[in-house]
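Below is one structure, written out as structure tokens, with a few remarks after it.
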Amino acid sequence: MRPWWRDAVLYHVYCRSFADSDGDGVGDLRGVVDHLDHLAWLGIGGIWLSPTMPSPNADWGYDVADYRDVDPALGTLDGLDDLVAEAGRLGIRVLLDLVPNHTSDRHPWFLDARSSPTSAHRDWYVWADPEGETGAPPNNWLSFAGGSAWTRDEAAGRLYLHNYLAEQPDLDWWNPEVRDAFDEILRFWFDRGIAGFRIDTANRIVKDRLLRDNPPARDALHRSVTGMPLEQRYSANRPEVHEVLRRWRRIADGYDPPRLLLGETFLFDIAAMAGYHGNGDDELQLALNLPFMFSPLAADAMRDAVTRTVDALPDGAWPLWNGSSHDVPRLATRWCGGDPARVRCALLLLLTLRGTPLLYYGDEIGMGDTTVPPDRVRDPLGLPGSARASRDGARTPMRWRAGPGAGFTAAGVEPWLPFGSEPGVDVASQRDDRGSVLHLCRDAIRLRAATPELREGGMSLLPAPPGVLAWRRGDSVTVALNLGDRPATVGGVEGTLALGTDREREGAAVRGELGLRGWEGAVVVV
Ligand code: NOJ
């Protein structure tokens with residue numbers, strides 16, 4: 001049977017910024033329930049909730065202190081069950097964020113691990129002895145937050161590994177007890193009706209047993225995005241990680257319907273990303289595609305990224321397309337420079353390529369990044385001393401309507417991150433405007449739902465004039481996007497203009513030639 005997520009449009013809810021139901025300035029699970037009607041109206045088939053588990057929030061949920069509960073700031077376990085049930089009634093499945101690479105340093109496992117050399121969880125983490133008189137780390141591995149990936153634990157007199165913050169000690173995935181513990185965590189949530197997981201940093205969890213030095217990074221994209229001069233050859237991406245993914249896939253496939261594993265494959269090489277689908281049916285079902293996300297919104301670059309992705313995936317695998325996330329600037333800003341015409345083209349691209357689209361909250365209204373003043377920065381990577389840029393600009397509250405509180409929280413309450421202000425970029429205004437980005441997004445999702453070829457049909461790129469990206473889906477659907485300023489004409493297109501960034505043109509017949517203004521896109525159906 002065709003898996004549900006191939007036909008669905010997925011949507012990433014960054015819980016703390018989606019909707020605040022209790023007036024504390026922080027979004028919560030009840031807030032998500034209260035806005036499920038928006039997601040159902042939009043046509044979303046599955047939501048991924050950013051981390052929901054109890055956390056001291058050194059890295060906003062990506063430092064988990066208990067894998068079987070809900071963070072009190074977001075709600076309760078019962079509240080999450082309610083959310084899953086309410087969403088299910090609307091045909092929306094719920095994915096959680098699983099963080100297996102590391103725990104919080106306050107997780108009972110780590111507290112126990114550092115308590116004594118003979119404690120039960122000592123070997124659940126990666127330890128090394130400081131070297132020489134200087135107490136140097138055993139290798140050159142770097143943390144994403146900057147500096148060495150090793151921190152000295154005074155009580156232990158040893159160093160522990162953390163690929164991220166010192167508050168996020170890495171688990172030792174060579175330890176079979178760690179593997180067993182996560183099997184049970186997966187089952188705990190699957191048994192509760194969770195439809196799957198977005199797996200944090202899925203390619204990084206197994207480390208080199210010999211702790212060998214990483215070589216210099218040659219990939220320019222890797223260096224510019226991570227700011228790291230070293231390739232993660234030994235501190236991540238080890239071949240043995242595939243054993244773990246296969247093990248999880250067996251568990252996921254044991255459920256009815258099979259649960260979804262969507263991996264954050266933070267890789268800059270498409271072939272390496274593709275490898276995380278295993279044989280096409282035994283590892284991740286969906287994988288984050290960074291080279292696509294970081295391609296400029298330009299015809300040549302996108303054609304290249306799409307072609308390389310499709311060519312690299314093993315038979316049976318299925319692509320995932322997204323343009324925004326909580327870790328990088330939003331597509332409206334990064335791809336589109338805030339230009340609504342470009343945002344429309346970007347959304348049409350994501351929603352009509354062969355594969356599963358993943359939207360980030362606010363993409364549907366063309367929400368751009370917000371400038372967060374230094375005294376409001378909450379991202380640890382944006383705090384003084386960090387080598388990285390703050391990610392807060394892409395994490396600011398959803399704007400449900402204009403006016404105080406933005407429909408996110410009560411008027412007068414200070415949200416945990418400041419609101420952005422882009423006139424007309426809120427859900428209520430755009431719902432009232434049939435010509436809005438929001439309506440275009442919804443209509444594209446509806447067209448996708450109503451047109452089997454847009455969901456299941458094959459995809460072939462078509463010859464097109466410079467600046468234009470055009471492709472066919474199945475036998476009867478043509479998509480053409482003019483990703484440039486100059487008008488262009490695409491030949492060989494027949495049918496009815498079913499959906500266009502210029503809504504006035506919809507319903508018109510196309511006979512052979514499709515003319516497009518700069519930054520105009522259209523879907524033509526025979
Ligand atoms: C990737 C997540 O997306 C990011 O937000 C987080 O900081 C790191 N993994 C560490 O968990």
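Okay, here's what the table says:
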| quantity | calculated |
| --- | --- |
| Listed residues S21, G458, M367: farthest to the positive end of the dipole of the chain (Cβ charges) | G458 |
| Helix-only mean residue ellipticity at 222 nm for the chain, each DSSP H run of n ≥ 4 adding -39500 (n - 2.57), per residue, nearest 500 | -7500 deg cm²/dmol |
| Size of region 368-429 as Cα extents on the principal axes (Å, biggest first) | 39, 22, 12 |
| Hz values of 3J(HN,Hα) by residue in region 18-35 - Karplus curve (6.51, -1.76, 1.60), Gly and Pro given as x | 8, 6, 9, 8, 10, x, 9, x, 10, x, 8, 5, 4, x, 5, 4, 5, 10 |
| In degrees, nearest ten, helix 176-191 long axis to first principal axis of the chain (Cα) | 40 |
| Top positive-direction residue, dipole computed over the chain with Cβ charges, set S390, H242, S436 | S436 |
| Projected label distance in nm at W174 and D81, using a 7 Å step from Cα toward the beta-carbon | 4.1 |
| Cα lying deepest toward the dipole's positive end in the chain, options L320, V99, L284, charges on Cβ | L320 |
| In degrees, nearest ten, helix 437-450 long axis to first principal axis of the chain (Cα) | 90 |
| Point-charge dipole on Cβ atoms (K/R +1, D/E -1) for the chain, about Cα centre, debye to 20 | 1340 |
| Hz values of 3J(HN,Hα) by residue in region 300-310 - Karplus curve (6.51, -1.76, 1.60), Gly and Pro given as x | 5, 5, 5, 4, 5, 5, 5, 4, 5, 5, 4 |
| Values of log10 I(q)/I(0), in the order q = 0.24, 0.28, 0.30 Å⁻¹, for region 108-161 under a Debye, Cα-only, solvent-free model | -0.93, -1.09, -1.16 |
| Among 382-388, 496-502, 165-171, the order from most to least packed when residues are scored by Cβ within 10 Å on average | 165-171, 496-502, 382-388 |
| Cα convex hull of the chain - mean projected area over all directions, nm² | 23.5 |
| Region 458-525 - charge dipole about Cα centre, Lys and Arg +1 at Cβ, Asp and Glu -1, debye rounded to 20 | 80 |
| Sequence of E453, E494, E133, E86 from largest to smallest accessible area, 1.4 Å probe | E133, E494, E86, E453 |
| Amide H within-cut-off set for V493, under 5 Å, with H built and near neighbours excluded | G512, E513, L514 |
| Whole-Å semi-axes of region 458-525's equivalent ellipsoid (Cα gyration tensor) | 16, 15, 10 |
| Cα centre as origin, Lys/Arg/Asp/Glu Cβ charges: region 356-401 dipole, Debye | 120 |
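The values are calculated or read from the model by the stated rules, or taken from the named source; none is laboratory data. Fair warning: this is a prediction, and the values are worked out from it, not measured in the lab. As a convention, Cβ positions derive from the backbone with ideal geometry for all residues, glycine included, and neighbour counts pool all protein chains shown. Heads up: the accessible areas ignore ligands, DNA and RNA and are worked out on the full protein's heavy atoms, side chains in. Shrake-Rupley method; radii C 1.70, N 1.55, O 1.52, S 1.80 Å.
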